[in-house]
């Protein structure tokens, strides 16, 4: 025998503007086990909540049904209310008559009200069978895993380490630093990128609380917030970090050359190489796919030359296992290159913005000189095309966020390099929204850069690999024909190469644009749908450096507030439960569990399955698969679901 | 009348790429597809555009390169049709074509051709079988009904 | 076709595809195009004209995406006792690409520097084409299979020949055709190959007019089928080379 209280919310006019809420309350009051049924303008307000509290404390209500907005809005609010009123918070059922009724059936109020009655009947049917549940407490491990050691990952790592937590900082490259290491300067201050980054790189390597794992990838993550079991694969460097003094003799003598990804394909590097001079760790790495020693043992020149005997061809891949309380994903961005129509791959004088960064960099392939790659000459007419591949339904639909500012920076590079050069910036819109950005735009105009509002046609490649660019300039109202010596493309940004694998390992979601998905775009920009896993930097979406840093600080802050600062973390008790008596030990469920939360055990001579509560995420796959109906999901039991459906047909 | 093109003028953000790539704009500075789309969005009286829309070469570059899949060429086609429906003048050649079409089922009449050696040739003289195209019976009726706007 | 051993027959009772009339009377276009599709049934329909390819592809796309259009088409066709059908619409380029793949040709076009002129409607339009519109390569692949030295990219490769403009402003049409020929000359081509008869008419048949009006230097222009035929060793007259007004004898000379 239960006593149900039903509360129908008007939600201002959101619900009451379509549904007849008074009649819904009246209808509910006529159903079995319903002791009170009320209607209020704003159920989530103090006054509304007071109604419920009063009924629990004075009218013996022991099951609460709230018919209002989506549970994702206020289920938590009402759960807290129940708890404070002395009732178990899981004795609450929220019926969605707003997003799933009044908001979608606005043109049919009478039918919508009938539907709402059905939904409330279903809610009441379930409420009759709800059981009190206690949340699970997972003891918190006071350490963090950060995947990706670019500016976001490094910022988060130092923030957590300096707060007193241990950090595993993992990156798949041979050095930390990420994309900022490839840039020459950063907008709008034109700070030398490496100059502001290297102190942080050094700190992260020296910090006692940070365990730096380069050439590493996360292979497996199991568990829940507060206690994740992590397996990290560490690829061999073939160089002993403790012995290497970074003299570079090995690279100099190495006979093998391979394309240099750090220079975006504009130069080569050796089989044993350091990706850039300020790399951290400083030691080089051997690429076994091109190294002759690994091919047929025909060469060991480098190990011969090494003054400290640091080369070790026998190094093997290692596995590091760790237990952490939180994970922060900071895997960064990749660059889009399918831009044939702009001339990329048809002329050597069409380059990407990142390639220009490498040309301008003093450690790049042309030692800082901006030249045409076809003949080494200095370009006199340079065009910079923004939105190459962005905001384009034929390529990527979203805005790359930083292309406009990067384009301005690149215009600054070439114009200050050669003030006599004619520099065009071809833009669609010019987005200069951050601090100091508008000023930077003005500065570029003052330098005499010509801004053309127009998106160019298919680019022609002329005889000497110069470019014939046709563009309609909306500001002049004229079709322009620009013969450019050099064309720089501000290319679209994509999630980085390794991010999809990380996403699948962690089982977190991505949005329609491929970037990792936040819990709520406005109010929860650094959390994911999985508690204990946070996002920082461009992995979440293209952004500039200050935003990446801010987001990294936010993610680490959230990680501390939600998990690391606590002794234990509550997780919802909506998990699977095995009825040992019915389990036949067929193991079908075990093979299907995506979270490895089921375990086989021997008991009284027979095999059966138990649930590792700390790992279970309550997805219900095992429940659906069990042929003996031996597994059930707490709070969504098969019987509760069945009765809810029957409630609809009453 | 259902939509026969794939135009989406509401998506246009005036990047101007259609005009950058336009075959005709290169030769006629006044012919600008981005302006035509813009004017339609502003809701100007279509009569304004009645003359210029016939200059479109139907090269479809604007359709291909538009980053928002606006398909200006399809919009221009629709404007052409609306102009004709209003009784506006259209290029004579199309009128001629419709006439030939109703008689033969083809857009051009079969004519004798003089080759490089000054020989006058046609299908028969070259030993080729006659074409199976034609405009007879019900087909002819339907065509004239559609042309008259009765279907 | 015989030399390739393919079995192709003329579509019985075909009509104009309606392409040139789309602006003036789109319903007429839709009807004519759909009628041809209906006559073709569920088999493979080969088009040898870019305009027809675009017309039929777009008509099929329209009826698939618009319930109203499909309804109207069905009614119009039913008067003649015809039913709406969805044949596979093939363009000559993709057809010949498949036929020639992996084959040895009898008399390869050795030493000929050829370029491709796709013509607008084989690659651009509101449909899923047989090749990537911003970077097509199938026609160049065919020319390579025929043994020619292929120029895969040159300024203006994907430009319009101006054929449609003959109905509206012939002088502009000539300007465009002339520009195409000039760009082919600039690229150092020995010949230009196009799959579209409309383009062929602009670029080949009108070369004398182009030379007179625009001072264009002549450039041999071949229809795709002519190029394939030559590579198969078929006699010039059999390919209709006597109708070409561009200096195709330059190409034939080297092959005697």
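As for region A:394-406, it holds at least one residue that is part of a helix (DSSP H, G or I), under 25 Å from residue B:18 (Cβ atoms) and away from every other protein chain (no Cβ under 13 Å).
Would you pick out the residues in region C:1-16 that are without any contact (Cβ under 8 Å) to a residue 60 or more places away in the chain, over 13 Å from residue C:47 (Cβ atoms) and surrounded by 12 or more Cβ atoms within 10 Å (Cβ to Cβ)? Listed by number, the residues that qualify are C:1, C:13, C:15.
Return yes or no: is residue A:382 within 11 Å of residue A:491 (Cβ to Cβ), touching a strand residue (DSSP E or B) at 6+ places or on another chain (Cβ under 9 Å) and buried (at least 20 other Cβ atoms within 10 Å of the Cβ)? Against the criterion (within 11 Å of residue A:491 (Cβ to Cβ), touching a strand residue (DSSP E or B) at 6+ places or on another chain (Cβ under 9 Å) and buried (at least 20 other Cβ atoms within 10 Å of the Cβ)), residue A:382 does not qualify. Looking only at residues in region B:60-72 that are facing chain C (nearest Cβ under 9 Å) and more than 19 Å from residue C:51 (Cα to Cα), the one that is surrounded by the fewest Cβ atoms within 10 Å (Cβ to Cβ) is B:69. All conditions but one from (1) in a strand (DSSP E or B); (2) surrounded by fewer than 15 Cβ atoms within 10 Å (Cβ to Cβ) apply to residue A:93; the one that does not is (2).
Among the residues of region A:294-310, is there at least one that is more than 30 Å from residue A:489 (Cβ to Cβ) and assigned to a strand (DSSP E or B)? There is no residue in region A:294-310 that is more than 30 Å from residue A:489 (Cβ to Cβ) and assigned to a strand (DSSP E or B).
When region A:197-219 is filtered for residues that are at negative phi and either at pLDDT below 95 or assigned to a loop (DSSP other than H, G, I, E, B) (or both), the ones remaining, listed by number, are A:207, A:208, A:209, A:214. So if I check each of C:147, C:115, C:156, which one is closer than 30 Å to residue B:52 by Cα and in contact (Cβ under 8 Å) with a residue 24 or more places away in the chain? Only one candidate passes the filter, namely C:156.
Every residue, every condition in (1) in contact with a strand residue (DSSP E or B) (Cβ under 6 Å, 6 or more places away or on another chain); (2) over 30 Å from residue A:593 (Cβ atoms), yes or no:
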position: A:224; (1), (2): yes, no
position: A:230; (1), (2): yes, no
position: A:252; (1), (2): no, yes
position: A:262; (1), (2): no, yes
position: A:274; (1), (2): no, yes
position: A:284; (1), (2): yes, yes
position: A:298; (1), (2): no, yes
position: A:309; (1), (2): no, yes
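Evaluating residue A:423 against the criteria (1) touching a strand residue (DSSP E or B) at 6+ places or on another chain (Cβ under 8 Å); (2) within 12 Å of chain B (Cβ to nearest Cβ) leaves one unmet condition, (2). Within region C:155-179, the set of residues being farther than 24 Å from residue A:482 by Cβ and assigned to a helix (DSSP H, G or I) comprises C:163, C:164, C:165, C:166, C:167, C:170, C:171, C:173, C:174, C:177. Comparison of A:138, A:113 shows that the only residue that is outside any helix (DSSP H, G or I) and either surrounded by 15 or more Cβ atoms within 10 Å (Cβ to Cβ) or touching a helix residue (DSSP H, G or I) at 6+ places or on another chain (Cβ under 8 Å) (or both) is A:138.
Scanning region A:618-642 for residues that are touching a residue at least 12 places away in the same chain (Cβ under 8 Å), farther than 27 Å from residue A:529 by Cα and outside any loop (DSSP other than H, G, I, E, B) returns a single hit, A:639. Scanning region B:24-45 for residues that are crowded, with 23+ Cβ neighbours inside 10 Å and at the interface with chain A (Cβ under 10 Å from one of its Cβ atoms) yields a count of 4.
Suppose the filter is outside any helix (DSSP H, G or I), in contact with a strand residue (DSSP E or B) (Cβ under 8 Å, 6 or more places away or on another chain), surrounded by fewer than 18 Cβ atoms within 10 Å (Cβ to Cβ) and more than 9 Å from every other protein chain (Cβ to nearest Cβ); does residue C:102 pass it? For residue C:102, the condition - outside any helix (DSSP H, G or I), in contact with a strand residue (DSSP E or B) (Cβ under 8 Å, 6 or more places away or on another chain), surrounded by fewer than 18 Cβ atoms within 10 Å (Cβ to Cβ) and more than 9 Å from every other protein chain (Cβ to nearest Cβ) - is not met. Just one of the listed residues (C:164, C:194, C:216) is more than 19 Å from residue B:115 (Cα to Cα), facing another protein chain (nearest Cβ under 9 Å) and either out of contact with any strand residue (DSSP E or B) (no Cβ under 8 Å at 6 or more places or on another chain) or buried (at least 24 other Cβ atoms within 10 Å of the Cβ) (or both), and it is C:164. Restricting A:532, A:537 to residues that are over 30 Å from residue A:356 (Cα atoms), surrounded by 21 or more Cβ atoms within 10 Å (Cβ to Cβ) and touching a helix residue (DSSP H, G or I) at 6+ places or on another chain (Cβ under 9 Å) narrows the list to A:532. Taken over region A:426-466, the criterion of being away from chain B (no Cβ under 14 Å), outside any loop (DSSP other than H, G, I, E, B) and either more than 29 Å from the chain's Cα centre (by Cα) or without any contact (Cβ under 8 Å) to a residue 40 or more places away in the chain (or both) is satisfied by A:438, A:439, A:440, A:441, A:442, A:443, A:444, A:445, A:446, A:450, A:461. Here's a check for you: in region C:226-243, which residue that is within 11 Å of chain B (Cβ to nearest Cβ) and not in a helix (DSSP H, G or I) is modelled with the highest pLDDT? The residue in question is C:240.
Residue-by-condition table, conditions (1) within 14 Å of chain C (Cβ to nearest Cβ); (2) not in a loop (DSSP other than H, G, I, E, B):
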{"residue": "B:1", "(1), (2)": "yes, no"}
{"residue": "B:4", "(1), (2)": "yes, no"}
{"residue": "B:15", "(1), (2)": "no, no"}
{"residue": "B:47", "(1), (2)": "no, yes"}
{"residue": "B:74", "(1), (2)": "yes, yes"}
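When we screen C:46, C:37, C:54, C:32 for residues that are in a helix (DSSP H, G or I), more than 7 Å from chain B (Cβ to nearest Cβ) and farther than 16 Å from residue C:84 by Cα, the only hit is C:54.
The residues of region B:101-115 that are surrounded by 13 or more Cβ atoms within 10 Å (Cβ to Cβ) and either closer than 29 Å to residue B:46 by Cα or within 9 Å of another protein chain (Cβ to nearest Cβ) (or both), listed by number, are B:101, B:104, B:105, B:106, B:107, B:113, B:115. How about region A:514-523: which of its residues are at pLDDT 95 or above and surrounded by fewer than 21 Cβ atoms within 10 Å (Cβ to Cβ)? Result: A:514, A:517. For region C:131-161, residues that are surrounded by fewer than 20 Cβ atoms within 10 Å (Cβ to Cβ) and farther than 29 Å from residue C:252 by Cα total 4. Do the conditions hold for residue C:114, that is, is it outside any loop (DSSP other than H, G, I, E, B), away from chain B (no Cβ under 14 Å), modelled with pLDDT of 90 or more and surrounded by 18 or more Cβ atoms within 10 Å (Cβ to Cβ)? When the stated conditions are applied, residue C:114 passes them. Residue count for region A:10-50, restricted to those that are surrounded by fewer than 17 Cβ atoms within 10 Å (Cβ to Cβ) and in contact with a strand residue (DSSP E or B) (Cβ under 8 Å, 6 or more places away or on another chain): 8. The residues of region A:504-522 that are in contact (Cβ under 8 Å) with a residue 40 or more places away in the chain and assigned to a helix (DSSP H, G or I), listed by number, are A:505, A:506.
The values are calculated or read from the model by the stated rules, or taken from the named source; none is laboratory data. Everything numeric here is computed off the predicted structure, so don't read it as measured data. Positions of Cβ are backbone-derived with ideal geometry, glycine not excepted, and every protein chain shown enters the neighbour counts.
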